[in-house]
Amino acid sequence: MQVVTVILYGVFALGLLVFVHELGHFLVAKWAGIRVLKFSLGFGQKLVGFKHGDTEYLISALPLGGYVKMAGENPKESEENQGIEPGDYFSRPWYIRVLVLLAGPFMNLFAAIFILGLLYWIGFMVPMAHPQIIQMADASPAIAAGLQPGDVITHLNGESTENWEIFSDRINTLGKEQAGKALTLTCIRDGESMSKAITPAYNEEVKRWQLGITIAPTGTNILERVFVGTPAELAGFEIGDKVLAVEDETVWTKYDFQQLVWPRADQETRIRVERAGEVVDLKVKPMAQQLPEEGKVGVIGVGFKISDKTQRMQYGFFKSAQLGVVQTYTISKMILNALGQMISGQISAKDSLGGPITIMRMAGQEAKSGAKDFFFFLAGISVMLAIINLLPIPVLDGGNIMFFIIEGIMRKPLSFKIQEVSQQIGFFLLMGVMVFATFNDIYKIIAPVFTGGGTP
């Protein structure tokens, strides 16, 4: 039953986002006056359909997206049929054809913005947590006060700081009201509580009172997520595991874990967890990942529980729309960064690349975690589809866009032979990647059966 659920969520996610992509092509083709012969929801055998004008609208048997068939979109067919007819795809200027191709990826980006904006507008529950210091600026009030990265701030002037997201605003407000006066922070370091007096400084650049620290939610040392296809899944980590130590170094929070695991990229690492009252040692090899400000770090693919206590997060319409755009931009940067690292060899494609099976498994995992996580996942996959389709590889939208731009520069199209050979090369390249990704998917499912989960 669980497998069926995973497949259903995976089919829904991929089918919806591919259909949205094709809808973009369809709408702009219609706007450009190109005759669209078929527009199908799904692939394969026709189930039902009707014709309106030049277009036959279909629902087909395989619900993995859809397709658009435009008149004269195959230049070879146009040549064989004695030329290009009015309303054919190739009867339109090269820049109009580029717009038709761009419409698919941009529809996926718009879908991501819409999904994320809608989530922020409707609202969702977020866990409450105290702020933890991740970094400190040079010559900052935090350094002068004796604070350290890893310190968990539990109270500010005697009031709890469990809503970490408003901590910076509280510092700014108190800095305005009590300029030059010291504030009292209560912190936990290595399990021990301490108090520190600290005076905020005014930052002219951002026009705010600050302590000179970067913070993140503290969280716990209990695993809430074990991501599909990651070293953690292969090593047998489970949701609910309490991480006790990394190579005998005690772990209190996610920050402690990161500081111990990040330096161990591609090194076998022993991690001790508590599971159902028993202590288990697991061996895992963190995969290398290149972070913009940290360089090469090791990650295993887990998410830590932040808190049982939650609070509703909800924004107004315009703020939600802005957050939708910002989050989509952030996701795009992350995906482009990961692609760049795979192409340059900075991270292993074997560790990072997933195919349709992984996407389906991830869809099921996110759906199980709740509607919020599933729709955030859906937005991420939508952005990924947009970026992949814009890659300059023949058979993808980006490859054809490249051909048409060359046509615009040269003022004549590339020969059909060059386009045909390029399309064949692009096809075999993509098929090779798909076969590798699918093999990788299957390996990540069966590997734990042969490697075992760990030793008590």
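What the table shows:
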{"read-out": "Test: residue in the stretch 403-414 that is modelled with pLDDT under 85, open to solvent by 70 Å² or more (accessible area, probe 1.4 Å), in a helix (DSSP H, G or I) and among the aliphatic types (A, V, I, L, M)", "value": "no"}
{"read-out": "Filter result for Val243 (farther than 23 Å from Pro149 by Cβ and assigned to a strand (DSSP E or B))", "value": "no"}
{"read-out": "Some residue of the stretch 207-219 being under 23 Å from Asp256 (Cβ atoms), surrounded by fewer than 16 Cβ atoms within 10 Å (Cβ to Cβ) and in contact (Cβ under 8 Å) with a residue 24 or more places away in the chain", "value": "yes"}
{"read-out": "Lone unmet requirement of (1) open to solvent by 50 Å² or more (accessible area, probe 1.4 Å); (2) part of a loop (DSSP other than H, G, I, E, B); (3) among the polar types (S, T, N, Q) for Ser193", "value": "(2)"}
{"read-out": "Residue in the stretch 357-371 that is open to solvent by 20 Å² or more (accessible area, probe 1.4 Å), modelled with pLDDT of 75 or more and on the phi < 0 side of the Ramachandran plot present", "value": "yes"}
{"read-out": "Check on Ala276, among the aliphatic types (A, V, I, L, M), at pLDDT 90 or above and farther than 26 Å from Ala338 by Cβ", "value": "no"}
{"read-out": "Among residues of the stretch 147-188, those that are part of a loop (DSSP other than H, G, I, E, B) and either among the charged types (D, E, K, R) or open to solvent by less than 30 Å² (accessible area, probe 1.4 Å) (or both), counted", "value": "6"}
{"read-out": "Contacts under 6 angstrom Cβ, first residue in the stretch 38-56 being within 11 Å of Glu22 (Cβ to Cβ) and at pLDDT 85 or above, partner among the β-branched types (Val, Ile, Thr) and part of a strand (DSSP E or B), 6 or more apart", "value": "Phe39/Thr55; Phe39/Val68"}
{"read-out": "Per-region count, the stretch 220-249, residues open to solvent by 30 Å² or more (accessible area, probe 1.4 Å), touching a residue at least 40 places away in the same chain (Cβ under 8 Å) and on the phi > 0 side of the Ramachandran plot", "value": "0"}
{"read-out": "Complete set of residues in the stretch 265-315 that are open to solvent by 50 Å² or more (accessible area, probe 1.4 Å), over 30 Å from Thr154 (Cα atoms) and not in a strand (DSSP E or B)", "value": "Asp266, Gln267, Glu268, Lys285"}
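The values are calculated or read from the model by the stated rules, or taken from the named source; none is laboratory data. Computed from a predicted model, the values in this text were never measured in an experiment. Note that each Cβ is placed from the backbone with ideal geometry, even for glycine, and that neighbours are counted across all protein chains shown. These area figures cover heavy atoms from the full protein model, side chains too; ligands, DNA and RNA do not enter into them. Shrake-Rupley method; radii C 1.70, N 1.55, O 1.52, S 1.80 Å.
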